[in-house]
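Worksheet: the structure to be examined is printed underneath.
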Amino acid sequence: MTDAPSLEATSCTGPAVQRRIAQAEKALATGLPEAALLLAWSALEAGARESLAAEGISDSRILRGTGVLIQAIHHGLLSNEEYNHLDDLGAYRHAISHGFCVEDFDEDLARRVIDTVCEMIEVMAECPEEADVAAGP
């Protein structure tokens, strides 16, 4: 039996979060709504960790995505209403990331997730416009 490789990872910040959102937009533009959802959710969690860090709150022990969102509520960075909305959308992320097919998931829902993530991490102005992404690099 071989040893599992060690994984050293740090949370994405700034440009890397924006890059994830741009990748989500590209995935959606090319007909990959599930990939778009997963990339956008990754940006959400990274953005939440970055916001917590900016408030001086350590994220070193927050390993689960729900944990970072709960910390964001606890520290006033996210309202209960916003959390509940994300929790509803997170059910899709959870199902898709664990290999389930979700009948009512479509490009419109993926678009809603991307838009919600942009609003939540306050980079709406930095999120690429749909037309810019569709045009390509």
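Read-outs throughout are calculated quantities, based only on the coordinates presented, and are distinct from any laboratory measurement. Just so we're clear, the structure is a prediction, and the values are computed from it rather than from any experiment. Here the Cβ is made from the backbone with ideal geometry for all residues, glycine too, and neighbour counts use every protein chain on show.
Quick look at the numbers
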quantity: Protection proxy ranking of 39-45, 103-109 - average other beta-carbon atoms within 10 Å, highest first; calculated: 39-45, 103-109
quantity: Residue-wise HN-Hα coupling along segment 80-96, computed from phi with Karplus coefficients 6.51, -1.76, 1.60 (Hz; x: Gly, Pro); calculated: 4, 4, 5, 4, 4, 4, 5, 4, 4, 5, x, 4, 5, 4, 4, 4, 5
